[in-house]
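The values are calculated or read from the model by the stated rules, or taken from the named source; none is laboratory data. All figures in this text were calculated on a predicted structure; none of them were measured in a lab. Note that each Cβ is placed from the backbone with ideal geometry, even for glycine, and that neighbours are counted across all protein chains shown. Heavy atoms of the whole protein, side chains included, go into the accessibility calculation; ligands, DNA and RNA do not. Shrake-Rupley method; radii C 1.70, N 1.55, O 1.52, S 1.80 Å.
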Amino acid sequence: MHSCVDLVVNFYVNNCSSSIEILNGSNYPKWKDNLEFFLGISYHDLALCESKPMINVKSTPEKKKLLAKLERSNRISIIVIKMIVFEHLLSDLPEKVTAKEFLYALGERYRVSDNVEFRCLMKQLMDMRYDNVNGVRELIVKMIHIQTKLKSHKIDINEKFIVEHALNCLPTDFTQIKLAYNTIV
């Protein structure tokens with residue numbers, strides 16, 4: 001008979017596994033966090049946390065049990081990782097490696113993608129203009145959202161720059177707002 005805690009953990013594990021986004025090439029940091037959380041909550045993260053113990057004839061039964069747990073954790077971790085990655089993204093990744101090494105290889109592939117994302121975010125920010133459809137508030141919220149994403153890339157954009165850029169993105173119809181801001185500052 002299952003304990004109440006086991007039932008709650010199983011329910012949570014099932015919900016977590018279905019909520020992990022498939023790695024599509026642009027969501028690596030969030031994907032990795034969700035994967036590590038899922039593997040941890042389902043008790044399959046041992047392969048990511050521990051090194052393989054050296055086993056010989058004199059090894060203790062505890063070491064042998066640890067090795068068996070690590071090997072199972074490794075197999076399950078690799079299966080889970082491959083299930084939540086688009087198949088074309090798995091090409092050219094090493095086959096006979098541990099889950100830790102496989103995850104590292106994926107990370108190396110997307111470290112380059114991280115620079116691409118940074119450039120894309122900077123371009124989005126610099127190309128923003130008021131579109132006369134959404135309000136000024138939405139324009140500023142989008143800029144702040146991009147500013148926050150850039151902070152995750154260790155690029156800190158000054159708030160004053162964001163305000164000045166937002167004002168510069170407004171058409172001449174908003175001259176009154178620009179003048180009001182300039183007199184306050």
What is the helix-to-structure angle for 136-152, meaning the angle in degrees between its Cα long axis and the longest Cα principal axis of the chain, kept from 0 to 90 and rounded to the nearest 10?
-> 40 degrees
Please state the charge dipole magnitude for the chain, taken about the Cα centre, from unit charges on C-beta atoms (+1 on K and R, -1 on D and E), reported in debye and rounded to the nearest 20.
-> 580 debye
With the convex hull built on the alpha-carbon atoms of the range 86-155, volume per residue in Å³ sits at 124 Å³
Grab every C-alpha pair in the range 41-149, bin the distances at 10 angstrom width from 0 up to the longest one, and report whole percents.
-> 12, 27, 20, 18, 13, 6, 3, 0
Could you pull out every residue, at least 5 positions away or on a different chain, whose amide H is within less than 5 Å of the one on LEU23? Hs are placed 1.01 Å off N in the peptide plane, and Pro or chain starts have none.
-> VAL85, PHE86
Tell me, what is the per residue accessible area of the range 116-185 in Å², probe radius 1.4 Å?
-> 72 Å²
Sulfur and carbon atoms: percent of accessible area, the chain [1.4 Å] = 58 percent
For the chain, built as a Gaussian network whose Cα springs stay under 10 Å, the top-fluctuating residue of ASN56, ASN27, ASN115 | ASN56
Taking only protein heavy atoms and a 1.4 Å probe, the highest-to-lowest accessible-area order of ARG129, ARG109 is ARG129, ARG109
Dipole of the range 75-115 [Lys/Arg +1, Asp/Glu -1 at C-beta], most positive-end residue of TYR110, LEU93, ILE81 | ILE81
Only Lys, Arg, Asp and Glu count, each charged at its Cβ (+1, +1, -1, -1), so figure out the dipole size of the range 26-110 about its Cα centre, rounded to 20 debye.
-> 440 debye
What do you get when you divide the Cα radius of gyration of the chain by 2.2 N^0.38 Å, with N the number of residues?
-> 1.51
Between the range 47-81 and the range 119-185, how many Å separate their Cα centres?
-> 52 Å
Build a GNM of the chain with springs between Cα atoms under 10 Å: which of HIS44, HIS153, HIS88 gets the top mean-square fluctuation?
-> HIS88
Among VAL141, VAL97, VAL133, whose mean-square fluctuation peaks in a Gaussian network model of the chain (Cα, cutoff 10 Å)?
-> VAL133
